[in-house]
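Peer 1: Okay, handing you the structure first.
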Amino acid sequence: MDLSPQMLKKLATMKMPFGKYQGRVLMDLPEPYLLWFAREGFPKGELGALLELMLEIRINGLESLLQPLRTR
């Protein structure tokens, strides 16, 4: 799991580019949506890696790592 500052910052600022939650910041995606990707397959590339990382953070209760990085 890549917990680099750059990856964490992207989770707190990058928006979902497609789908039901298009436009929502990745750290705000609901857990059932992330679990759906885990079952069906994460997208290729950086987005998939970020979604997988977000699920791991959520499962392990580490969301507090992202709160200071959130842009208002």
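Peer 1: Name every residue in the range 1-17 that is modelled with pLDDT under 95, assigned to a loop (DSSP other than H, G, I, E, B) and open to solvent by less than 70 Å² (accessible area, probe 1.4 Å), in order of residue number.
Peer 2: S4
Peer 1: Quick one: what pairs do we get from the range 1-26, first residue touching a residue at least 60 places away in the same chain (Cβ under 8 Å) and aliphatic (A, V, I, L, M), second surrounded by 14 or more Cβ atoms within 10 Å (Cβ to Cβ) and assigned to a loop (DSSP other than H, G, I, E, B), C-beta under 8 Å, 6+ apart or different chains?
Peer 2: As it stands, the answer is L8/L66, since those pairs meet every condition given.
Peer 1: Continuing with the same structure: Output the number of residues of the range 32-59 satisfying the condition of being open to solvent by less than 40 Å² (accessible area, probe 1.4 Å), over 18 Å from L8 (Cβ atoms) and assigned to a helix (DSSP H, G or I).
Peer 2: 2
Peer 1: Turning to a different aspect of this structure: Going by the conditions given, is K20 charged (D, E, K, R) and assigned to a helix (DSSP H, G or I)?
Peer 2: On the way: charged (D, E, K, R): yes; assigned to a helix (DSSP H, G or I): no.
Spelling it out, it is not the case that K20 is charged (D, E, K, R) and assigned to a helix (DSSP H, G or I).
Peer 1: While we're on this one: Counting only residues that are surrounded by fewer than 11 Cβ atoms within 10 Å (Cβ to Cβ) and not hydrophobic (A, V, I, L, M, F, W, C), which one in the range 18-28 is farthest from the chain's Cα centre (by Cα)? Even if it seems obvious, please write down each step before you answer.
Peer 2: Going through the range 18-28, the residues surrounded by fewer than 11 Cβ atoms within 10 Å (Cβ to Cβ) turn out to be 18, 20, 22-23.
Still in the list and also not hydrophobic (A, V, I, L, M, F, W, C): 20, 22-23.
Numbers: K20: 15, Q22: 13, G23: 13 Å.
The extreme case among them is K20.
The values are calculated or read from the model by the stated rules, or taken from the named source; none is laboratory data. Note that the structure is predicted; figures quoted are calculated from it, not measured. Note: ideal-geometry Cβ built from the backbone for every residue, glycine included; neighbour counts use all protein chains shown. Heads up: the accessible areas ignore ligands, DNA and RNA and are worked out on the full protein's heavy atoms, side chains in. Shrake-Rupley method; radii C 1.70, N 1.55, O 1.52, S 1.80 Å.
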